[in-house]
1. Tell me whether the chain comes out rounded, prolate or oblate; compute the Cα gyration tensor, take square roots of the eigenvalues as a ≥ b ≥ c, and use a/c under 1.5 as the rounded threshold.
2. Percent of accessible area on region 1-73 owned by carbon and sulfur, 1.4 Å probe?
3. Using each residue's phi in region 42-53, evaluate 6.51 cos²θ - 1.76 cosθ + 1.60 at θ = phi - 60° and report the 3J(HN,Hα) Karplus result to the nearest Hz, with x for Gly and Pro.
4. What does the charge dipole of the chain about its Cα centre add up to, to the nearest 20 debye, if the Cβ of each Lys and Arg holds +1 and the Cβ of each Asp and Glu holds -1?
5. Of the chain, which part is the longest with no trypsin sites (Lys or Arg not before Pro) in a loop (DSSP not H, G, I, E, B) and with at most 10 other C-beta atoms within 10 angstrom?
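The values are calculated or read from the model by the stated rules, or taken from the named source; none is laboratory data. Just so we're clear, the structure is a prediction, and the values are computed from it rather than from any experiment. So basically every Cβ, Gly included, is an ideal-geometry build from the backbone, and we count neighbours across all protein chains shown. Ligands, DNA and RNA are excluded from the accessible area calculation, which covers all protein heavy atoms including side chains. Shrake-Rupley method; radii C 1.70, N 1.55, O 1.52, S 1.80 Å.
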Amino acid sequence: MAAMPLDYLRTERLRLFVWCHRCSRNASLDIRPFIDRLGGNFPVARVGQHMLCVACGGHDIDSRPDWSDRTLGVVSRHF
């Protein structure tokens, strides 16, 4: 399966959700600056590798589509 590209987020009008594993700071970001810098075919999951946390300076950043504005119902359940 091919990695989801940034252009998919643009097509679906989604933002980029990023999370710092070091301090737990997170944000929902506009994708346009990332597309301008990395290109539309760049994988969403790899964007965090090019980021630095503004709170703690950490480099362990996770990136994924921000689905929070979509009404999806239950996505997962932990036991």
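1. oblate
2. Carbon-and-sulfur percentage of accessible area, whole number: 50.
3. 5, x, 3, 5, 9, 4, x, 5, 9, 10, 10, 5
4. So the dipole magnitude of the chain works out to roughly 80 debye.
5. No qualifying site falls inside 14-76, the longest such stretch.
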